[in-house]
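K.L.:
Have a look at this one before I ask anything.
The values are calculated or read from the model by the stated rules, or taken from the named source; none is laboratory data. Predicted model, so just to flag it, every value in this text is computed and none were measured. As a convention, Cβ positions derive from the backbone with ideal geometry for all residues, glycine included, and neighbour counts pool all protein chains shown.
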Amino acid sequence: MKKRLDFNKIPDSYKVKVLGSGNNGTCYETSDGKVYKEFFTRGIDDEITRSLLDLKCEGFAFPEQLVYVNGLLKGFLRSDNYKGVTLADLDHTTTNIGEFNDALRDFEEQIKWLSYEKEMCIYALHLKDLIYTDDKKIVDIDTDSMYPFEKLSVNPYFENIKELGLELSSIFMNGEFKSKRLQQLQKEIIYSGCMRPSVFISEALEMMDKYIDVNTIKDYEIGLSLLRK
């Protein structure tokens, strides 16, 4: 498969359906079911985006082919168009918290691999870019903002877990809790990245099980309110 595709203009077949738009571009479904992301500005992150082409990591949808228009990078193609719902749009009344936390643990393992094996920095994780797929997996579909850690005096895994924790905190770890253990976990996730968000959720579930039956994310949110009192 060619890694670089050159055009004078973008083919109409690349823009069959708008999938969404973010800070630096818009994603479209192509006529053959792929995803084409078109940057708002040509030539954006050329070197960084090229470095992502050969990365394969379950849980992250990396660019597979770069698309150039008149010699300037305009966007990229990837083959996977994931079916599911963004974490920003999760139905809290029906989504099972246990299944979600299992998916989160798997995603954290993928972050660990990406951090230590490839030394990649996940520049931004947003709920609107994390897909909870129909087969109960979490996938980051906005990967072109990643960049390699060079010789920095930081641990890439801890930095990436902090980013994940900060994004999930408003739903799964918000507020101040009576439990000193939960307070400590919050700090270790959000400020140092040395603990995973899934650990907080697991321990919070165990504590709230004394008060209510917890099945959905909505149940979990009610349980959090009890753990704050």
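K.L.:
Taking only pairs six or more apart or across chains, which ones have beta-carbon atoms under 9 Å, a first residue in the stretch 3-14 that is in contact (Cβ under 8 Å) with a residue 24 or more places away in the chain, and a second residue that is acidic (Asp, Glu) and part of a loop (DSSP other than H, G, I, E, B)?
P.N.:
LYS3/ASP54; LYS3/GLU64
K.L.:
Which residue pairs have Cβ atoms under 8 Å apart, sit 6 or more places apart or on different chains, and have a first residue in the stretch 71-86 that is without any contact (Cβ under 8 Å) to a residue 40 or more places away in the chain and at negative phi and a second that is hydrophobic (A, V, I, L, M, F, W, C) and part of a strand (DSSP E or B)?
P.N.:
LEU73/PHE39; LEU73/LEU66; LEU73/VAL67
K.L.:
Does PHE100 satisfy the criteria of being in contact (Cβ under 8 Å) with a residue 12 or more places away in the chain, over 10 Å from the mean Cα position of the chain (by Cα) and within 24 Å of LYS162 (Cβ to Cβ)?
P.N.:
yes
K.L.:
Given the conditions (1) β-branched (Val, Ile, Thr); (2) closer than 21 Å to ALA124 by Cα; (3) surrounded by 14 or more Cβ atoms within 10 Å (Cβ to Cβ), and given that THR41 satisfies all but one, which numbered condition is not satisfied?
P.N.:
Result: THR41 passes all but (3).
K.L.:
Of all residues in the stretch 66-81 being of a type in the set (D, E, K, R) and under 14 Å from VAL35 (Cβ atoms), which is modelled with the lowest pLDDT? Outline the logic, then answer.
P.N.:
The initial filter retains those residues of the stretch 66-81 that are of a type in the set (D, E, K, R), namely 74, 78, 80.
Filter once more, keeping what is under 14 Å from VAL35 (Cβ atoms): 78, 80.
Numbers: ARG78: 91, ASP80: 80.
Among those residues, the one meeting the criterion is ASP80.
A quick yes/no check of all residues on (1) among the basic types (Lys, Arg); (2) touching a Gly at 6+ places or on another chain (Cβ under 6 Å); (3) under 30 Å from GLY20 (Cα atoms); (4) at pLDDT 95 or above:
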site	(1), (2), (3), (4)
PRO148	no, no, yes, no
ASN160	no, no, yes, no
GLU176	no, no, no, no
SER198	no, no, yes, yes
ASP209	no, no, no, no
LYS229	yes, no, no, no
